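Asker: Dumping the structure here so I can ask a few things about it.
The values are calculated or read from the model by the stated rules, or taken from the named source; none is laboratory data. Only a predicted model underlies this, so the values are computations on that prediction, with no experimental measurement involved. Cβ sites come from the backbone with ideal geometry, for glycine too, and all protein chains shown count toward neighbours. The protein model used for the area step is the full one, side chains on, heavy atoms only, and it has no ligands, DNA or RNA in it. Shrake-Rupley method; radii C 1.70, N 1.55, O 1.52, S 1.80 Å.
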Amino acid sequence: MKRVINAIKWFFSNPRCVFWLGMAITLLATFLEMIRSRNTNFFDYHDASMMFWSGLSPYNMEYVETRHIYFLYSPIFSVIFAPIFILPQWLGPFIWNVFNYSMFTLAVWTLPSQLAPYRLKMFLFLLSTLLQSIFCFQYNTVVCYIFLFAFTLLERNKPFWAILLIMFSALTKVYGIVELALLLCYPKFWRNMGYVILCGGLLLLLPAINPAFDNVFVLYQQMFDMISHHHSDTDFVGILFARGLKPWLLPNYRVVQIGVLAILGALFFWRHQRWGDFRFKVQVLAVLMGYVILFSDSPETHTYIIALTGYQMAFWLQPQRNKFDWILFWLLLVNFGVLPTDVLCPPAIHCYIHETFWLDVYCMFFAWLRIIWWAVGPTFNTIK
């Protein structure tokens, strides 16, 4: 028995073993979802890209009624997706999932050296949630690793490439735009804002390489119209829908989103003397990654890969963690890593716990508040 325990410890302390375990699950999950025709998100990406390159718009109700799904990504996405779109349909889903799993792993393992001692711990904590996102062919994995790559590039004094990634994320799925706030923490802010305008302009014009459209900005207008009419009666997994808060927050969700962002901005400027500190920048990044999910009007459980990744960076960099912090840590692991995983927990149990108590959302919300306290509270230890 002792040998078995030691073998398990050795396996999970070896980054290569953990990586290949995740890769094996990624391949198996992709295969199972394909043979059951449940890779609807991938079909959405593929079909919308096919229409774009054929000179047709996917931003209409005919597309929705035919495929029973909205395409809510910009034409820029259809351009970037082209290398996968041209692959055989049996191969594309595998390339998509393997590539995104590998890039997320690389993003974690190339984080700045201050986070090097915690990379494996972070990856193990996030692995189950990551695989849930992979299982659903989600784009949130891409958004998450772009957050990480952009932050690492900023720390390595490569702002142009960082901003290019941020703008690509922001112009395909809006979550990433909040990372631009971090530019205030780095030198040559106005030069970097010039990069923002340059990269944004180039990316917006990128779909013009398709000669089938005379004016690609008509597509953008159709996309905005589609997003504004997109609605659902579903209770999504966010604080706006949480039991006890929904009657007050959801009817005023835009006011809540803007109000919370204004408070965060005020706190950020209040602690401007901390902007140069590495730990503070990580905490700000974690707060932003948590905000875009917790206060989104359509988050799902696997979307929390973004919020949990930010939380993990802030958690392990914190020099002191009390019992409350560790309780939140384990509750988050159980609520996002164990309960939503069908092979670890029957779906009925997960649904009952979530829909009855909303423990997952409330735990993430309190962890998010804790990060804010670490960032702006009176006790602060610098790290270079």
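Asker: Which value in nm describes the separation of the simple spin-label points at Lys2 and Asn157, placed 7 Å from the Cα toward the beta carbon?
Answerer: Those two pseudo-labels are separated by 5.3 nm.
Asker: Give, in nm to one decimal, the length gained when the segment between Met23 and Ala348 is fully stretched (0.36 nm per residue of separation minus the Cα-Cα distance).
Answerer: Details: separation 325, 0.36 × 325 = 117.00 nm, distance 2.75 nm.
Contour length minus Cα-Cα distance gives 114.2 nm.
Asker: With each label point set 7 Å from Cα along the Cα-Cβ vector, what nm distance links Phe31 and Thr341?
Answerer: Between Phe31 and Thr341, the label points sit 2.0 nm apart.
Asker: Roughly how many Å is it from the Cα centre of the stretch 155-221 to that of the stretch 84-116, as a whole number?
Answerer: So the separation of the two Cα centres works out to 21 Å.
Asker: May I ask you to compute the full-extension gain from Val260 to Gln89, defined as 0.36 nm times their residue separation minus their alpha-carbon distance, rounded to one decimal in nm?
Answerer: On the way: separation 171, 0.36 × 171 = 61.56 nm, distance 4.30 nm.
57.3 nm is the gain from fully extending Val260 to Gln89.
Asker: Considering only protein heavy atoms and a 1.4 Å probe, what is the carbon-and-sulfur percentage of the accessible area of the chain?
Answerer: Numbers: 12620 of 18370 Å².
Roughly 69 percent of what the probe reaches on the chain is carbon or sulfur.
Asker: Using R₀ = 30 Å, calculate the FRET efficiency as 1/(1 + (r/R₀)^6) where r is the Cβ-Cβ separation of Lys323 and Phe12; round to 0.05. Working shown, then result.
Answerer: Values: r = 25 Å, r/R0 = 0.83.
Plugging the Cβ-Cβ distance into 1/(1 + (r/R0)^6) gives 0.75.
Asker: Only Lys, Arg, Asp and Glu count, each charged at its Cβ (+1, +1, -1, -1), so figure out the dipole size of the chain about its Cα centre, rounded to 20 debye.
Answerer: Numbers: 25 positive and 18 negative charges, 385 e Å.
Value, rounded to 20: 1840 debye.
Asker: Let a ≥ b ≥ c be the square roots of the eigenvalues of the Cα gyration tensor of the chain; is it rounded (a/c under 1.5), or, if not, prolate (a/b larger than b/c) or oblate? Let's see the in-between values first.
Answerer: Details: a/c = 1.39, a/b = 1.16, b/c = 1.20.
It is rounded, given that a/c, with a ≥ b ≥ c, falls under 1.5.
Asker: Net charge around Arg243, counting only other residues with Cβ within less than 11 Å of its Cβ (Lys, Arg = +1; Asp, Glu = -1)? Let's see the in-between values first.
Answerer: Details: positive: Lys246; negative: Asp235, Glu355.
Cβ neighbours under 11 Å give a net charge of -1.
Asker: How much accessible area per residue does the chain have, counting only protein heavy atoms and a probe of 1.4 Å, in square angstrom? Please list the in-between numbers first.
Answerer: Details: 18370 Å² over 384 residues.
With all protein chains present, the chain gives 48 Å² per residue.
Asker: Continuing with the same structure: May I ask you to derive the relative contact order of the chain, considering only C-alpha pairs under 8 Å and at least 6 residues apart, and to give it as an integer percent?
Answerer: On the way: 411 pairs, mean separation 65.5, N = 384.
Relative contact order comes out at 17 percent.
Asker: Among rounded, prolate and oblate, which fits the stretch 269-316 when a ≥ b ≥ c are the square roots of the eigenvalues of its C-alpha gyration tensor, a/c under 1.5 means rounded, and a/b larger than b/c means prolate?
Answerer: Values: a/c = 4.76, a/b = 1.87, b/c = 2.55.
Here the stretch 269-316 falls in the oblate category.
Asker: Follow-up. Cα centroid distance between the stretch 237-274 and the stretch 285-303, in Å?
Answerer: The stretch 237-274 and the stretch 285-303 have Cα centres spaced 11 Å from each other.
Asker: Hey, which of these cross-link pairs are over 30 Å Cα-Cα: Lys188/Lys323; Lys121/Lys281; Lys9/Lys173; Lys281/Lys323; Lys121/Lys158; Lys173/Lys281?
Answerer: Details: Lys188/Lys323 41 Å; Lys121/Lys281 20 Å; Lys9/Lys173 39 Å; Lys281/Lys323 25 Å; Lys121/Lys158 27 Å; Lys173/Lys281 23 Å.
Violating the 30 Å Cα-Cα cut-off are Lys188/Lys323; Lys9/Lys173.
Asker: Report the FRET efficiency, 1/(1 + (r/R0)^6), for Phe224 and Ile69, where r is their Cβ-Cβ distance and R0 is 25 Å, rounded to 0.05.
Answerer: Values: r = 18 Å, r/R0 = 0.73.
Efficiency computed from Cβ-Cβ geometry: 0.85.
Asker: 7 Å from Cα along Cα→Cβ at both Ala82 and Gln114: what's the point-to-point distance in nm?
Answerer: 4.0 nm
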